[in-house]
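Just below is one structure, and these are the notes that go with it.
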Amino acid sequence: MSDPDPRRALEQYRRHAAGYDASARRTMAIRRRCVERLALRPGDRVLDVACGTGLSFALLAEGVGAGGEVVGVELSPEMMQQARARAARLPQVRLVEGTMEQARLDGVFDAVLFHYTHDVLQSPPALANIFAHAQPGARVAVAGVKHPPAWLFPLRLLRLWNARPYLTTFRGLDRPWALLERHVEGIEVQPVLLGTNYLARGRVSATITP
């Protein structure tokens, strides 16, 4: 399986940015459940990994309150343009444009959101950058695509077809959260949508697992 390819991701999101919000409506309920798993508190700093057009911003800003901060990172200029329009109405939101591997982050985060960020989850350098800025015990919530059980093989093919516009590697789809286990402890995974998607949560470990 190939590694994540940021250049290809840029091309793909350039084509799909205009229609992204419409396509994301079908997973808005999962987005809300994912954010709820962060158990945000007023004053928290939360990192929105690969934030896309900013569809999670309002939910995250509500959780951290006026004294908190939401930092969104996105590599696609076309997606970022829409994210900036949303952030303009939310003073708690700050944006960083670039790859997650090279994003310049500061301070520490109390919570980290991965919402349909499969490529990032398959990139050890991206995860290293993220968790270098997450304090021990920080809450982590994840939603994304995965392979369904083997007995639902036709759904596996459909899942791969539907996911193609939004990821550049199919590596790790059996356990997309596997690389997180180096950084996050107590990961709890809940399959959703007949096992073609999942929700997960855990807490940042005090030490990195080899």
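The values are calculated or read from the model by the stated rules, or taken from the named source; none is laboratory data. In this text the structure is predicted, and so the values were computed from the model without any measurement. Every residue, glycine as well, gets a Cβ built from its backbone with ideal geometry; the counts of neighbours run over all protein chains shown. Each accessible area value is taken on the protein alone, full model and side chains, heavy atoms only, with ligands, DNA and RNA left out. Shrake-Rupley method; radii C 1.70, N 1.55, O 1.52, S 1.80 Å.
Where helices (runs of 4 or more DSSP H) fall wholly inside the stretch 1-41, the ranges with 1 or more residues that are farther than 28 Å from E188 by Cβ, without any contact (Cβ under 8 Å) to a residue 60 or more places away in the chain and open to solvent by 40 Å² or more (accessible area, probe 1.4 Å) are 6-16, 20-24. Looking across the stretch 131-154, just one residue is surrounded by 14 or more Cβ atoms within 10 Å (Cβ to Cβ) and among the aromatic types (F, W, Y), and that is F131. Would you call V120 at pLDDT 95 or above and farther than 16 Å from A61 by Cβ? Yes: the conditions hold for V120. Within the stretch 45-71, the residues that satisfy the criterion of being in contact with a strand residue (DSSP E or B) (Cβ under 8 Å, 6 or more places away or on another chain), small (G, A, S) and closer than 19 Å to Q135 by Cβ are G63, G68. Quick check on E101: is it in contact with a Pro (Cβ under 8 Å, 6 or more places away or on another chain), in contact (Cβ under 8 Å) with a residue 40 or more places away in the chain and either assigned to a helix (DSSP H, G or I) or among the acidic types (D, E) (or both)? So E101 passes the test.
For the stretch 70-94, a residue qualifies if it is open to solvent by less than 10 Å² (accessible area, probe 1.4 Å) and either polar (S, T, N, Q) or free of Cβ contacts under 8 Å to residues at least 24 places away in the same chain (or both), and the qualifying residues are S76, M80. Given the criteria open to solvent by 50 Å² or more (accessible area, probe 1.4 Å) and in contact with a Lys or Arg (Cβ under 8 Å, 6 or more places away or on another chain), does V112 qualify? Criteria not met by V112. Annotation: of all residues in the stretch 181-208 being touching a Ser or Thr at 6+ places or on another chain (Cβ under 8 Å) and open to solvent by less than 20 Å² (accessible area, probe 1.4 Å), the one that is modelled with the lowest pLDDT is N197.
Checked against the criterion of being over 19 Å from V142 (Cα atoms) and open to solvent by less than 60 Å² (accessible area, probe 1.4 Å), the stretch 57-67 has at least one qualifying residue. Only one entry of A128, A178 meets the criterion of being surrounded by fewer than 16 Cβ atoms within 10 Å (Cβ to Cβ), modelled with pLDDT of 90 or more, under 15 Å from the mean Cα position of the chain (by Cα) and under 22 Å from I30 (Cβ atoms), and that entry is A178.
How many residues are in contact with a Leu (Cβ under 6 Å, 6 or more places away or on another chain) and either of a type in the set (F, W, Y) or assigned to a strand (DSSP E or B) (or both) when one looks only at the stretch 174-191? Count: 1.
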